[in-house]
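Below: one structure, written as structure tokens.
The values are calculated or read from the model by the stated rules, or taken from the named source; none is laboratory data. No experiment lies behind these values; they were computed from the predicted model shown. Positions of Cβ are generated from backbone atoms using ideal geometry, with glycine treated the same way; all protein chains shown enter the neighbour counts.
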Amino acid sequence: MRPLFTATTLLGSALLFLVQPMVARALLPRTGGVPALWNTCVVFFQFALLAGYALSHHLPSRLGPRAHAAVHTVALLAAAATLPYSFRSLPQPPDGDPTVWVLRALLVGVAPTFVALATSAPLLQRWWARLGGDPAPLVVASNVGSLTALLAYPLVLERVMPLDGQSRLFAGLWGAWLVGTFACAVVAARRPAREEELRAEVAVPARQWLRYVALAAVPASMMLGVTTHLATDVGSFPLLWVVPLAIYLASFVVVFARTPEAPSPRVVAPYLGLVLLMFLFTAPQVPTRAPLIVGHLGLFAWSCLLFHGTLARERPAPAAITSFQLALAVGGALGGAFNALVAPRVFVRVTEYPLAMALGLLLLPPPPAPPDPRARQEAFVRAMGLDPTAVLGAPTAPRPTPRWRIADALVPLAVGALAAWLFVTPLPTRTPSLVRYGLPLLVLVFASIGRRLRLALGLVAILAASRLDRSVLEASRTFYGVMRVEEHRGVRRFLHGTTLHGLQYRSDKMRREPVAYYDRRAPLGQAMAALAPRLAGASVGVVGLGVGMLLAHATAGQRWTFYELDPAVERIARAYFTWLRDAVVPVRVVTGDARASLGRDVGARHRLLVLDAFSSDAIPVHLLTREAMAVYRARVEPGGVVAFHITNRHVALDEVLAALARDAGLVALRGRGAGYGPDGPVQTTWVVMAERAEDLGALAGDARWVRLRAGEGARAWTDDFSDWLGALKLR
């Protein structure tokens with residue numbers, strides 16, 4: 001019987017976590033390709049998981065084993081009728097925040113099968129406990145199945161199979177899991193019921209149950225926080241989604257396979273050091289480089305092992321397994337809801353991630369009590385044949401360490417005041433955030449040795465003080481990302497995440513001069529100069545507004561149209577920068593997803609279409625597919641040019657665009673070079689495509705521009721297929 005229960009548990013959990021990246025990947029082209037989509041999907045799945053666990057916990061005891069098995073069978077058969085999944089018929093989401101649209105699509109299309117799968121692991125564990133077995137091996141099998149599916153999706157399935165094929169494969173495996181679940185139900189129903197015995201044991205004290213919830217909520221919140229922090233710069237795609245989730249699940253496998261001991265100070269001390277280091281590097285103006293990616297993922301893994309290890313040590317008896325699972329699901333849902341639904345509407349930065357780091361310190365298990373020196377001394381005296389009381393005196397009761405001291409409030413207040421002063425004081429450095437975070441952190445570390453409450457409150461105080469930064473003219477957050485406008489030394493900058501998306505000198509002399517990525521000496525400037533004769537009096541389309549600096553290359557007689565995903569970007573460009581106001585050409589701004597907007601703009605025929613759309617440093621994948629290219633070509637007049645801005649710290653898109661150009665029958669040239677701005681040279685890369693080389697003007701003979709040719713194995717990306725793993729810069 002055990003192999004049957006183990007195999008069914010493993011398959012059900014694998015399907016439970018296979019469906020998550022698969023469905024999110026299907027919705028990605030509809031929602032602008034931004035990191036918030038994954039967080040929204042995860043919080044839906046967490047609440048659906050909670051619903052499944054709640055059903056598994058309450059229905060068996062209320063219906064009885066036989067009646068529950070019958071009801072469960074009918075529910076599974078009804079859920080099977082919704083397979084295979086298909087999202088092609090969904091209407092386009094409305095402009096603005098698509099959170100409600102995403103949740104509605106998931107509720108209608110995915111909820112029945114997902115909730116059915118969510119009941120699998122706790123229900124099978126309950127049935128196995130009724131048969132007298134230990135559910136711990138099933139917990140391990142559940143997490144192994146989940147982890148295997150998560151890693152298999154981006155590493156194998158996504159790379160070799162389109163979404164339609166993935167959906168059919170999922171439906172077939174779901175049928176196999178259904179047969180296994182029915183077999184387990186039959187075995188469990190034939191066993192004499194011991195429900196009365198179980199009811200007497202399932203009660204978990206309310207305080208302990210709430211502790212389970214809190215211990216589960218912190219890693220769940222950190223998981224989405226670190227995913228958002230990394231995906232903002234690297235890109236929103238399944239591989240980056242599943243790595244933190246895989247770490248989260250792997251920690252369950254480790255701690256439930258062999259319950260760890262309580263961490264010693266030798267373990268906790270370096271953990272606290274890593275928390276402080278990563279807290280520092282969540283500061284604005286700190287780009288996410290490869291070592292920081294490793295650091296953030298390492299901190300998250302360590303946190304999961306500590307918190308989940310505590311859950312493993314404190315888990316209840318096997319009879320209470322579904323109550324325990326329900327507490328974990330509630331904690332996961334609350335942590336996810338805080339990150340995906342509350343934080344974007346409360347915080348203007350990704351504050352939830354460092355906040356979870358800080359508050360998690362309060363739940364760390366206390367260090368074990370140090371050995372009592374008196375006991376060793378008494379043993380030595382007795383070995384000498386003497387009376388310990390006569391030699392050592394009467395033992396005194398140890399003085400308890402106070403849980404609260406006045407300094408636990410005063411130190412965080414003082415650190416917060418120091419941080420506030422630093423944030424309101426101009427600093428002559430290119431990365432003032434590191435100073436403003438680092439100096440208060442240094443003071444806090446030395447003033448909080450051995451006092452985790454003081455340390456946690458001090459970190460919260462620093463986060464609160466960061467809201468006072470006077471160099472930030474505006475900070476805002478939408479579904480599409482985190483934005484801020486800063487002014488420093490006569491230069492106003494617009495940053496999306498940690499990436500510069502545009503700037504402008506404040507002086508009248510330099511106000512109209514394009515710099516950085518759009519410098520006249522940079523590849524874009526070279527392209528605009530080479531194409532200038534062909535662009536006279538033409539229509540120019542630009543996907544991605546930024547601050548509108550591209551308009552510095554416009555000439556009288558042209559007509560420019562910007563397609564901008566986020567209405568907040570247009571508001572910022574008009575309120576804080578003058579590129580739109582100073583333009584020498586008529587300018588139209590169309591808000592909404594660029595592909596959808598271009599598709600609706602049936603009268604548009606551009607001679608040049610510029611793709612300059614980023615979310616922080618990430619390029620939305622749905623703008624680099626065969627379907628997207630078909631839309632671009634439909635909106636470019638014969639002989640027109642499509643230009644792609646592909647500057648990126650983490651992803652090499654040259655081969656991707658080469659394959660896309662070959663698939664569309666276009667000529668592609670790549671230009672690399674530096675633009676110059678107030679912070680020095682900025683390396684930038686552009687690719688231009690056209691039907692013929694002569695359509696590219698002087699660029700075709702410019703030695704600085706090289707022809708892109710796709711390799712034999714290169715495959716054009718589509719809405720159903722992409723290979724981010726092959727495009728990552730793994731160095």
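For every residue, the table says whether it meets (1) touching a His at 6+ places or on another chain (Cβ under 9 Å); (2) over 21 Å from ALA329 (Cβ atoms); (3) of a type outside the set (Val, Ile, Thr).
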| site | (1), (2), (3) |
| --- | --- |
| PRO29 | yes, yes, yes |
| GLY32 | yes, yes, yes |
| PHE47 | no, no, yes |
| VAL74 | no, yes, no |
| ALA79 | no, no, yes |
| LEU107 | no, no, yes |
| VAL110 | no, no, no |
Exercise. Does PRO112 satisfy the criteria of being assigned to a helix (DSSP H, G or I), of a type outside the set (A, V, I, L, M) and either assigned by TED's automatic domain parsing to the domain that holds ARG313 or at pLDDT 80 or above (or both)?
Worked result: yes
Exercise. If you scan segment 97-147, which residues turn out to be surrounded by fewer than 19 Cβ atoms within 10 Å (Cβ to Cβ) and in contact with a Pro (Cβ under 7 Å, 6 or more places away or on another chain)?
Worked result: ASP134
Exercise. Is it true that LEU657 is of a type outside the set (Lys, Arg) and not in a helix (DSSP H, G or I)?
Worked result: no
Problem set entry | Test result for ALA409, modelled with pLDDT of 80 or more, touching a Gly at 6+ places or on another chain (Cβ under 9 Å), assigned to a helix (DSSP H, G or I) and surrounded by fewer than 17 Cβ atoms within 10 Å (Cβ to Cβ) | no
Exercise. Counting just the residues of segment 21-57 that are at pLDDT 75 or above and among the β-branched types (Val, Ile, Thr), which one comes out farthest from ARG130 (Cα to Cα)?
Worked result: THR31
Exercise. Just for segment 521-530: of the residues that are surrounded by fewer than 24 Cβ atoms within 10 Å (Cβ to Cβ) and touching a Leu at 6+ places or on another chain (Cβ under 9 Å), which one is farthest from ALA674 (Cα to Cα)?
Worked result: ALA530
Exercise. Is it fair to say THR561 is touching a Pro at 6+ places or on another chain (Cβ under 6 Å) and either under 30 Å from ARG30 (Cα atoms) or at pLDDT below 90 (or both)?
Worked result: no
Problem set entry | When residues of segment 55-109 are limited to those that are among the polar types (S, T, N, Q) and over 22 Å from GLY175 (Cβ atoms), the one farthest from the chain's Cα centre (by Cα) | SER61
Exercise. Of all residues in segment 674-696, how many are assigned to a strand (DSSP E or B), of a type in the set (Gly, Ala, Ser), surrounded by fewer than 18 Cβ atoms within 10 Å (Cβ to Cβ) and out of contact with any Pro (no Cβ under 8 Å at 6 or more places or on another chain)?
Worked result: 1
For this session: Provide a single number: the residues in segment 76-109 that are closer than 19 Å to VAL43 by Cα and assigned to a helix (DSSP H, G or I).
Result: 11
Exercise. Do we have LEU457 as over 30 Å from PHE644 (Cβ atoms), of a type outside the set (S, T, N, Q) and within 28 Å of the chain's Cα centre (by Cα) here?
Worked result: yes
Exercise. Does at least one position in segment 509-516 carry a residue that is over 16 Å from THR591 (Cβ atoms), outside any strand (DSSP E or B), under 31 Å from the mean Cα position of the chain (by Cα) and small (Gly, Ala, Ser)?
Worked result: yes
Exercise. Of THR555, THR561, which residue is in a strand (DSSP E or B) and either outside the structural domain of ARG30 (by TED's automatic domain parsing) or not acidic (Asp, Glu) (or both)?
Worked result: THR561
Problem set entry | Sole exception among (1) farther than 30 Å from ALA613 by Cα; (2) at pLDDT 80 or above; (3) not basic (Lys, Arg) for PRO60, by number | (2)
Exercise. What is the residue count in segment 617-662 for residues that are under 17 Å from ARG595 (Cβ atoms) and hydroxyl-bearing (Ser, Thr, Tyr)?
Worked result: 2
Exercise. Going by the conditions given, is ALA716 assigned to a helix (DSSP H, G or I) and either over 30 Å from ARG493 (Cβ atoms) or touching a residue at least 12 places away in the same chain (Cβ under 8 Å) (or both)?
Worked result: no
For this session: Would you mind telling me which numbered condition in (1) over 23 Å from ARG467 (Cβ atoms); (2) at pLDDT 85 or above PRO371 fails?
Result: (2)
For this session: Evaluate the following for ARG520: is it at pLDDT below 95, assigned to a helix (DSSP H, G or I) and of a type in the set (D, E, K, R)?
Result: no
Problem set entry | Some residue of segment 524-532 being in a loop (DSSP other than H, G, I, E, B), closer than 26 Å to TYR632 by Cβ and hydrophobic (A, V, I, L, M, F, W, C) | no
Exercise. Taking segment 4-23 as the search range and keeping residues that are more than 16 Å from ALA116 (Cα to Cα) and not aliphatic (A, V, I, L, M), which one is farthest from the chain's Cα centre (by Cα)?
Worked result: PHE5
Exercise. Name the residues in segment 118-161 that are modelled with pLDDT under 85 and not in a helix (DSSP H, G or I), would you?
Worked result: THR119, LEU131, GLY132, GLY133, ASP134, PRO135
